[in-house]
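The structure appears below as structure tokens.
The values are calculated or read from the model by the stated rules, or taken from the named source; none is laboratory data. On a predicted model such as this, the values are computed, not experimentally measured, just so you know. Note that each Cβ is placed from the backbone with ideal geometry, even for glycine, and that neighbours are counted across all protein chains shown.
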Amino acid sequence: MVKDSAPLFTVTPNASTEALITNSYETFNSVSTLLLDLSEDLSGKHRDIALAIHQLSELGALLTATLLDREAPCSA
């Protein structure tokens, strides 16, 4: 049993809100892509579950994109 309680992954404490939201958005999109690729190799109930998770990750990406637009709008 490993007794090291140090976290394996951390978030930089001074990361900007924009950086955190952008990374969250990119993570959701990566998950969505992976799930679509996986669902092509599945069938039946397992495919349905993968597609349901994909839909939730797309919702997360949409919510995160909306938050990013509010907090760090592009000045084009």
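Observations on the structure shown:
- Residues being surrounded by 11 or more Cβ atoms within 10 Å (Cβ to Cβ) and assigned to a helix (DSSP H, G or I) - total across the range 38-51: 8
- Looking only at the range 37-63, residues that are closer than 18 Å to Glu26 by Cβ and within 15 Å of the chain's Cα centre (by Cα) come to 10 in all.
- Scope the range 4-35; condition of a type in the set (Ser, Thr, Tyr) and surrounded by fewer than 11 Cβ atoms within 10 Å (Cβ to Cβ); matching residues: Ser5, Thr10, Thr12
- Picking from residues in the range 57-75 that are closer than 10 Å to Ile21 by Cα and modelled with pLDDT under 90, the one that is surrounded by the most Cβ atoms within 10 Å (Cβ to Cβ) is Ala72.
- Residue among Glu58, Glu26, Glu18 that alone is of a type in the set (D, E, K, R), assigned to a helix (DSSP H, G or I) and touching a residue at least 40 places away in the same chain (Cβ under 8 Å): Glu18
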